[in-house]
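One structure is given below, encoded as structure tokens.
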Amino acid sequence: MNRKTIFDYVDGLGEQFTGYRIRVGSGGNPPTIGVIAAEEDADKIQKRFKSQTVSAVPFAEIASAIEEMAADAGWPDEHPTLRIHSLTSDNKAGPSYANTKRTSDGTVEGSSAVSIEALCQTVVRMANIQTKTIDILTETIAHSKEMEEHAAHRWLEARQDQLDAEAETMATSLLAEAEQPDNSAFQEAALTTLQGVAAKLTAPPPQFTVENVISLLQSDPQLAIELASDQRVVDLVMRASIIQKESAKEPDAPPLPDPLESQ
């Protein structure tokens, strides 16, 4: 008995072999019960087996289709012999597979052994399906992560554009407000004050008379004391007094020297 399963046989050949002729019977040369081929090469395989119906299935389901066809033909309970012949897409023969379920004394194995082998084949089939499912899930998760990263990048770009637009709008508004005159009460009061200060700074100096000076000294006694103690003021007063006296006696006399120039 061939201990290799149908799934091991098909997987071991790879994608080069896309057609399989199945034979089931009780003797050493069982009859052909059908042909299974991959969908893309079914028409090419059909040209060789014009008297047989070629069942087109997806390539990944070829092993399952072979096992189901053999079981429908009575293998292994009614007919212990199974032979499978592989073919390429251009109908070239490849490695074959043979499995005859007999005990050491030549009788067909019991139903328990058949059930165990069928269970093992089912487990292998489920493992293959799970492997393919895990591969699909891995690709899906990787694609999902890529899409999430792309969406986050687009959101950041959109947010940056929004912030730039808001900043530009704020700057434009501030410039517009700066160009417009502000007629607030505070600025009006400040303008009035500045105008008053400017008027005082540009006003002509006051005209001093004897009455103004006397009035000033009377209103500020301390100033009169300081002036009386200032030697320059005393010299000026004395000089003016001398000049007045001399002018009264000799109108044409030359002026006396300035006492401040000698200091």
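Any read-out appearing in this document is the output of simple, stated calculations on the displayed coordinates, not a laboratory observation. The structure presented is a predicted model; accordingly, all values stated were derived computationally and were not measured. Positions of Cβ are backbone-derived with ideal geometry, glycine not excepted, and every protein chain shown enters the neighbour counts.
Numbers for the structure displayed
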{"item": "Packing-based exposure ordering (other Cβ within 10 Å, fewest first) of 49, 17", "result": "49, 17"}
{"item": "Ascending count of other beta-carbon atoms within 10 Å, so fewest first, for 75, 155", "result": "155, 75"}
{"item": "Burial ordering of 124, 213, fewest other beta-carbon atoms within 10 Å first", "result": "213, 124"}
{"item": "Contour excess over end-to-end distance, with Cα ends at residue 128 and residue 152 and 0.36 nm allotted per residue", "result": "5.0 nm"}
{"item": "Segment residue 241-residue 135, extension gain: residue separation times 0.36 nm, minus the distance between their alpha carbons", "result": "25.6 nm"}
{"item": "Gain upon complete extension [residue 168, residue 229; 0.36 nm per residue less C-alpha separation]", "result": "14.8 nm"}
